[in-house]
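J.: Below you will find the structure I want to go over with you.
Quick note: the coordinates plus some simple rules give every number you see, no bench work behind them. The structure displayed is predicted, hence computed values, not measured ones. We place every Cβ from the backbone using ideal geometry, glycine too, and count neighbours over all the protein chains shown.
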Amino acid sequence: MDIKHAIPHYVDFVLQEIQSHGQQASIVGGAVRDLVMGRTPTDFDLVSSAEVQDIMGYFARVLPLGEKHGTVVVFLDEEKVEVSRCKDGCISDEDWLSSLRGDLLQRDFTINAMAIDADGQVFDPFGGKQDIKRKVIRSPQDQAVARFQEDPLRMLRAVRLSTVLDFTLGENLPRAITDCRPLLEGVAVERIREELAGILLSDRPGQGIKMLVDMGLMEYIIPEILATVGFDQQNPAHTCDVFSHTLAVLDQVPAHLEIRLAALLHDIGKPATFTCSEEGIGHFYQHQLESTHISEQVLSRLKFSRSTVSKVTRLVSEHMSRLEQPTPGAVRRLIARVGEEVLDQLFTLQRADILAGAAPYSTTAIVRTQQLAEKILASENALSIKDLAVNGNDLIAIGYQPGKEIGTVLNRLLDIVLGKPEANQKASLLEAAARWLENAAEREDD
């Protein structure tokens with residue numbers, strides 16, 4: 001691959017502009033790794049011998065990211081490039097390469113510790129290109145502990161890169177991660193969340209989650225998962241422990257964050273709900289409710305958005321809602337509970353859950369339910385409160401007091417309509433609501 005021609009024009013412009021002022025600059029980080037691998041980078045970082053103040057004078061639109069880090073963002077039309085001052089940056093070529101080597105030595109892994117200059121030449125002082133060929137992740141000069149102490153998040157990054165690139169961890173890396181894992185306690189939860197999301201969205205999410213458990217990192221991310229590891233289900237419907245089943249489901253669902261999170265958490269409540277019959281058969285009655293409760297705690301602790309928490313917990317809560325003989329009313333109620341936006345994800349999760357169990361497998365009921373749901377959604381049925389022919393103001397007009405009772409009554413009316421769509425008429429719904437109000441008043445008189 002011709003690396004020079006793979007460098008985007010706007011990045012080349014920044015490199016050339018810095019050099020035109022008598023300074024040195026090189027592309028560094030993940031972009032170099034991707035270019036060497038023939039992949040298309042998503043963003044570009046540069047290091048330069050120039051001072052931050054000088055770089056800000058070279059370009060029209062520049063945003064400083066802080067004197068402490070010596071980094072600025074250069075904006076060029078719709079694109080942007082981060083430029084940092086190289087440690088001990090110098091102007092002469094000889095001193096520049098020495099300084100650049102020192103900068104690269106402090107980077108997380110050899111595959112990220114290469115640089116590319118404006119001519120497309122790769123500077124690889126620690127064997128990053130060879131490690132790419134070997135498909136291995138290791139620290140420059142095997143200084144993993146020092147690198148993890150500088151930024152403990154690098155331990156999670158090693159797992160993410162392993163799952164995304166299908167690389168293995170170098171010989172000394174797992175031990176270094178295990179020894180340094182308590183350092184994760186000091187890392188911002190938002191940064192941990194993003195690395196976890198990257199692992200889940202990779203082509204090998206199950207492998208990544210197992211690595212987190214095996215090296216002790218999961219204890220500092222989602223410790224609730226550890227109770228599922230090795231937990232014997234003692235049930236003929238399952239051929240493996242809860243954790244192994246979870247990984248199998250995780251690997252079968254598509255790479256969308258909500259469904260991958262739901263797959264990871266759907267059975268997390270099983271250990272707490274386990275019972276064993278006199279015949280020695282294990283049961284997990286209502287485990288989906290406990291799993292939903294734990295999932296909400298986990299996702300909130302990791303500061304996922306409220307939208308993500310809502311979607312994932314609905315998927316977890318309803319993953320056992322399998323309609324063996326689906327009827328229109330039952331399917332309409334399922335749609336109302338789950339929400340149209342994640343309904344297909346629920347069916348996908350349910351199929352994966354079945355296929356990760358013991359043979360024989362049958363997803364016929366799920367297919368029938370999905371087909372009926374598609375017909376219902378194609379019609380004009382009322383499937384939520386907002387679709388009702390009446391609203392809260394209509395109920396207040398017939399005597400209801402503003403407050404929680406309005407929501408309760410609207411839900412009761414929706415339940416009627418879900419079972420009988422033709423009942424969604426303003427007059428008949430208000431008649432039912434008025435009758436309930438009258439009955440409540442009579443009970444109070446009694």
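J.: So what's the convex hull volume per residue for the Cα atoms of the range 21-68, in Å³?
T.: Dividing the Cα hull volume of the range 21-68 by its residues yields 105 Å³.
J.: Run the count for the range 3-133, please: Lys pairs, Cα-Cα under 26 angstrom, 8 or more apart or on different chains.
T.: Details: Lys4/Lys80; Lys4/Lys87; Lys4/Lys129; Lys4/Lys133; Lys68/Lys80; Lys68/Lys87; Lys87/Lys129.
Summing the qualifying lysine pairs gives 7.
J.: On a full-extension model of 0.36 nm per residue, what is the gain between Ala432 and Ser379, subtracting their alpha-carbon distance, rounded to one decimal in nm?
T.: Going from the current span to full extension adds 16.6 nm.
J.: Using alpha carbons only, how many angstrom separate the centre of the range 283-297 from the centre of the range 110-185?
T.: 38 Å
J.: Using +1 at the Cβ of each Lys and Arg and -1 at the Cβ of each Asp and Glu in the chain, identify which of Ala378, His21, Gln401 lies farthest towards the dipole's positive end.
T.: Ala378
J.: Taking the Cα centre as origin and putting +1 on Lys and Arg beta-carbons and -1 on Asp and Glu beta-carbons, what dipole magnitude results for the chain, to the nearest 20 debye?
T.: Roughly 640 debye, rounded to the nearest 20.
J.: Tell me which lysines have Cα within less than 22 Å of Lys420's Cα, excluding those fewer than 8 residues away on the same chain?
T.: Within reach: Lys375, Lys386.
J.: Evaluated at 4 °C with a viscosity of 1.567 mPa s, what Stokes-Einstein diffusion coefficient in µm²/s does the range 277-343 have when Rh comes from the Kirkwood expression over alpha-carbon pairs?
T.: On the way: Rh = 13.6 Å.
Reported coefficient: 95 µm²/s.
J.: Convert each backbone phi in the range 381-396 into a coupling constant with the Karplus relation 6.51 cos²θ - 1.76 cosθ + 1.60 (shift: θ = phi - 60°), then list the ³J(HN,Hα) values in order as whole Hz, x for Gly and Pro.
T.: The phi angles translate into 5, 7, 10, 8, 4, 5, 8, 5, 6, 10, 9, x, 5, 5, 5, 5 Hz.
J.: Pull out the extension gain between Asp214 and Gln19, defined as 0.36 nm times the separation in residues minus the alpha carbon to alpha carbon distance; nm, one decimal.
T.: 65.5 nm
J.: Something else about it: Restricting to Cα pairs below 8 Å that are 6+ residues apart, what does the relative contact order work out to for the chain? Please round to a whole percent. Intermediate results must be reported in sequence, preceding the final value.
T.: Working: 655 pairs, mean separation 36.2, N = 446.
It rounds to 8 percent for the chain.
J.: Of Leu323, Ala423, Ala440, which is farthest along the charge dipole of the range 315-446 in the positive direction, counting Lys and Arg as +1 and Asp and Glu as -1 at C-beta?
T.: Result: Leu323.
J.: Sticking with this one: Given the -39500 (n - 2.57) contribution per DSSP H run of 4+ residues, what per-residue ellipticity at 222 nm results for the chain, rounded to the nearest 500 deg cm²/dmol? Write out the running numbers ahead of the final one.
T.: Values: 22 runs with 234 residues, N = 446.
The per-residue figure over the chain is -15500 deg cm²/dmol.
J.: For a test of the definition: using alpha carbon positions, the gyration tensor, and the 1.5 limit on a/c, classify the range 322-446 as rounded, prolate or oblate. It would help to have the intermediate numbers written out before the result.
T.: Values: a/c = 2.99, a/b = 2.46, b/c = 1.21.
Prolate, since a/c reaches 1.5 and a/b exceeds b/c.
J.: For the chain, modelled as a GNM with alpha-carbon contacts under 10 angstrom, which of Ala113, Ala197, Ala60 fluctuates the most?
T.: Maximum fluctuation in the GNM of the chain, among the listed residues, is at Ala60.
J.: Across the chain, where is the longest run that never hits GluC sites (Glu not before Pro) in a DSSP loop with at most 15 other C-beta atoms within 10 Å?
T.: No qualifying site falls inside 172-277, the longest such stretch.
J.: Go through (i) 30.1; (ii) 18.8; (iii) 23.4 and flag the label whose value is the computed mean projected area of the Cα convex hull in nm² for this structure.
T.: Structure-derived value, by its label: (i).
J.: Next question, about the same structure. Given 0.36 nm per residue, what is the gain on full extension from Gln53 to His256 after removing their alpha carbon distance, in nm?
T.: Between Gln53 and His256, full extension yields an extra 68.9 nm.
J.: If you take every DSSP beta bridge fully contained in the chain, what fraction is antiparallel? Give it as a percent rounded to 5.
T.: 75 percent
J.: So, in nm, how far is label Leu65 from label Ser362 when the simple model puts each one 7 Å beyond its Cα toward the Cβ?
T.: Going from the Leu65 label point to the Ser362 one covers 5.7 nm.
J.: Arrange Met155, Met320 by Cβ neighbour counts within 10 Å, fewest through most, would you?
T.: Values: Met155 27, Met320 16.
Final ranking by Cβ density, sparse to dense: Met320, Met155.
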